[in-house]
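Asks: Got a structure for you, questions after.
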Amino acid sequence: NGILFNNNGTREITNLEVQDENILSIITEDTEMFSKKAFYDREESIIELFDNVTIKRGGEIITGDYGILDTDKKSYKVSSKNSNKVKVIISNTQ
(Lines give C-alpha, C1' and ligand atoms only; values in the text may rest on other atoms or scores of the structure.)
Protein backbone atom coordinates (compact mmCIF):
# COMPACT_ATOMS: atom_id res chain seq x y z
CA ASN A 1 0.00 0.00 0.00
CA GLY A 2 1.31 3.45 -0.77
CA ILE A 3 0.69 7.03 -1.77
CA LEU A 4 2.26 8.52 -4.90
CA PHE A 5 2.41 12.13 -6.07
CA ASN A 6 3.41 13.77 -9.32
CA ASN A 7 6.56 15.90 -9.03
CA ASN A 8 7.14 17.67 -12.37
CA GLY A 9 6.15 14.60 -14.36
CA THR A 10 7.90 12.11 -12.07
CA ARG A 11 5.84 9.87 -9.81
CA GLU A 12 7.34 9.78 -6.32
CA ILE A 13 6.39 7.78 -3.23
CA THR A 14 5.32 9.76 -0.15
CA ASN A 15 4.19 6.86 2.06
CA LEU A 16 4.59 3.13 1.63
CA GLU A 17 3.67 0.06 3.68
CA VAL A 18 5.15 -3.28 2.64
CA GLN A 19 4.64 -6.68 4.26
CA ASP A 20 5.90 -10.15 3.33
CA GLU A 21 5.34 -13.58 4.90
CA ASN A 22 9.02 -14.37 4.46
CA ILE A 23 11.45 -11.45 4.10
CA LEU A 24 11.22 -8.22 2.09
CA SER A 25 14.18 -6.16 0.96
CA ILE A 26 14.75 -2.43 0.54
CA ILE A 27 17.95 -1.32 -1.16
CA THR A 28 19.24 2.26 -1.25
CA GLU A 29 22.50 3.69 -2.59
CA ASP A 30 24.53 2.47 0.41
CA THR A 31 22.24 0.35 2.58
CA GLU A 32 20.43 -2.99 2.30
CA MET A 33 17.50 -3.59 4.66
CA PHE A 34 15.52 -6.77 5.28
CA SER A 35 12.45 -7.43 7.44
CA LYS A 36 8.94 -8.86 7.39
CA LYS A 37 7.23 -5.45 7.47
CA ALA A 38 8.36 -1.92 6.54
CA PHE A 39 6.95 1.61 6.51
CA TYR A 40 8.36 4.55 4.55
CA ASP A 41 7.40 8.15 5.34
CA ARG A 42 8.98 10.69 2.99
CA GLU A 43 7.86 13.72 5.02
CA GLU A 44 9.52 12.37 8.19
CA SER A 45 12.45 10.93 6.16
CA ILE A 46 12.26 7.54 7.87
CA ILE A 47 12.04 3.87 7.02
CA GLU A 48 10.80 1.66 9.87
CA LEU A 49 11.45 -2.09 9.82
CA PHE A 50 9.68 -4.73 11.92
CA ASP A 51 10.41 -8.42 12.67
CA ASN A 52 13.58 -10.25 11.59
CA VAL A 53 15.36 -6.96 10.82
CA THR A 54 18.77 -6.91 9.15
CA ILE A 55 20.54 -3.73 8.08
CA LYS A 56 23.73 -3.98 6.01
CA ARG A 57 25.96 -1.02 5.24
CA GLY A 58 29.60 -1.18 4.26
CA GLY A 59 31.21 -3.75 6.54
CA GLU A 60 28.39 -3.63 9.14
CA ILE A 61 25.55 -6.10 9.57
CA ILE A 62 23.10 -5.44 12.41
CA THR A 63 20.10 -7.65 13.25
CA GLY A 64 17.22 -7.31 15.71
CA ASP A 65 13.43 -6.99 16.01
CA TYR A 66 13.00 -3.32 15.06
CA GLY A 67 14.99 -0.88 12.96
CA ILE A 68 14.63 2.75 11.96
CA LEU A 69 16.64 4.51 9.27
CA ASP A 70 16.72 8.30 8.90
CA THR A 71 17.08 8.84 5.15
CA ASP A 72 18.22 12.49 5.55
CA LYS A 73 20.89 11.88 8.17
CA LYS A 74 21.72 8.41 6.78
CA SER A 75 21.73 7.06 10.33
CA TYR A 76 20.02 3.99 11.70
CA LYS A 77 19.24 2.20 14.94
CA VAL A 78 18.29 -1.41 15.61
CA SER A 79 16.69 -2.62 18.82
CA SER A 80 15.12 -5.77 20.20
CA LYS A 81 12.42 -6.75 22.62
CA ASN A 82 15.11 -8.80 24.33
CA SER A 83 18.19 -6.61 24.70
CA ASN A 84 20.44 -9.66 24.28
CA LYS A 85 19.07 -10.33 20.80
CA VAL A 86 20.66 -7.43 18.84
CA LYS A 87 23.68 -8.70 16.92
CA VAL A 88 26.39 -6.60 15.25
CA ILE A 89 29.01 -7.85 12.82
CA ILE A 90 31.68 -5.40 11.65
CA SER A 91 34.15 -6.45 8.98
CA ASN A 92 37.31 -4.39 8.64
CA THR A 93 38.52 -4.68 5.08
CA GLN A 94 41.71 -2.69 5.70
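Asks: Mind checking which residues of the stretch 1-40 are over 15 Å from SER75 (Cα atoms) and acidic (Asp, Glu)?
Replies: Of everything in the stretch 1-40, those that are over 15 Å from SER75 (Cα atoms) and acidic (Asp, Glu) turn out to be GLU12, GLU17, ASP20, GLU21.
Asks: Kindly evaluate GLU48 against the criterion of being within 23 Å of SER80 (Cα to Cα), open to solvent by 60 Å² or more (accessible area, probe 1.4 Å) and charged (D, E, K, R). Lay out the reasoning, then the answer.
Replies: Values: within 23 Å of SER80 (Cα to Cα): yes; open to solvent by 60 Å² or more (accessible area, probe 1.4 Å): no; charged (D, E, K, R): yes.
Judged against the criteria, GLU48 is not a match.
Asks: Restricting attention to the stretch 1-32, which residues are farther than 16 Å from LEU69 by Cβ, assigned to a strand (DSSP E or B) and modelled with pLDDT under 90?
Replies: GLY2, ILE3, LEU4, PHE5, ASN6, ASN7, THR10, ARG11, GLU12, THR14
Asks: Could you look through the stretch 70-94, keep only residues that are open to solvent by 80 Å² or more (accessible area, probe 1.4 Å) and within 16 Å of GLU44 (Cα to Cα), and pick out the one that is modelled with the lowest pLDDT? Explain how you work it out, then say what you get.
Replies: Keep residues of the stretch 70-94 that are open to solvent by 80 Å² or more (accessible area, probe 1.4 Å), which gives 72-74, 77, 81-85, 87-88, 90, 92-94.
Filter once more, keeping what is within 16 Å of GLU44 (Cα to Cα): 72-74, 77.
Values: ASP72: 91, LYS73: 89, LYS74: 85, LYS77: 88.
Among those residues, the one meeting the criterion is LYS74.
The values are calculated or read from the model by the stated rules, or taken from the named source; none is laboratory data. Because the structure is predicted, anything quoted here is derived from the model rather than measured. Cβ atoms come from the backbone with ideal geometry, glycine included; neighbour counts cover every protein chain shown. Ligands, DNA and RNA are stripped out before the accessible areas are found, and what is left, the full protein with its side chains, is counted by its heavy atoms. Shrake-Rupley method; radii C 1.70, N 1.55, O 1.52, S 1.80 Å.
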